[in-house]
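Please read the structure below before turning to the comments.
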Amino acid sequence: MAELSKPLVKKISDLRPLYSGITLTVKVVDAKMVAPKGRQARISECLVGDETGMIVFVARNDQVGLMKEGSTLILRNAKIEMYRGSMRLVVDRWGHIEATEPAGFVVKEDSNLSLIEFEMVNVVE
């Protein structure tokens, strides 16, 4: 587990469940507001990607304003959270999102990691 605690500079295709400390440069492909019942927080589910694939990014509150279609962002100290068996990329209060110059890559739109379902298996030794 030691490898998961140091910052990982990764590509989307390298992401796995429960990774944390990830630094990625991504383009926003799509962003839509979601309104969970009984919550005051602003939440947007965004499709972000790089030249290796795409994943759903969950933006909260102040992060929502940065999630404009076509923007290039650097996600620092991001992590993978699981939601109904699917991976979601998030940046919590210990992470940081910054807008940067437009990236030169084209997003690989035929590889969405959030469409892969994972199942938790308990191993008894």
Original post:
Tell me, which strands (runs of 3 or more DSSP E) wholly within the range 18-95 include 2 or more residues that are farther than 16 Å from residue 115 by Cβ?
Top reply: 20-34, 43-50, 53-60, 72-83
**OP:** Could you grab me the full set of residues in the range 100-114 that are charged (D, E, K, R) and within 17 Å of the chain's Cα centre (by Cα)?
**Re:** 108, 109, 110
**OP:** Give just the number: which of (1) modelled with pLDDT under 90; (2) within 25 Å of residue 41 (Cβ to Cβ) does residue 116 not satisfy?
**Re:** (2)
Original post:
List pairs: first in the range 42-68 and touching a residue at least 12 places away in the same chain (Cβ under 8 Å) and under 20 Å from residue 94 (Cβ atoms), second among the aromatic types (Phe, Trp, Tyr) and assigned to a strand (DSSP E or B), Cβ under 6 Å, 6+ apart or cross-chain?
Top reply: 46/57; 48/57
Original post:
Tally time: how many residues in the range 2-39 are touching a helix residue (DSSP H, G or I) at 6+ places or on another chain (Cβ under 8 Å) and at pLDDT 90 or above?
Top reply: 8
Subject >> Subset of the range 99-125 (residues that are assigned to a loop (DSSP other than H, G, I, E, B), without any contact (Cβ under 8 Å) to a residue 60 or more places away in the chain and over 16 Å from residue 26 (Cα atoms)) >> reply: 116, 117, 119, 120, 121, 122, 123, 124, 125
**OP:** Go through (1) surrounded by fewer than 18 Cβ atoms within 10 Å (Cβ to Cβ); (2) touching a residue at least 40 places away in the same chain (Cβ under 8 Å); (3) not charged (D, E, K, R) and name the single condition residue 96 misses.
**Re:** (2)
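The values are calculated or read from the model by the stated rules, or taken from the named source; none is laboratory data. Bear in mind that the values here come from a model prediction, so they are computed numbers and not experimental data. So basically every Cβ, Gly included, is an ideal-geometry build from the backbone, and we count neighbours across all protein chains shown.
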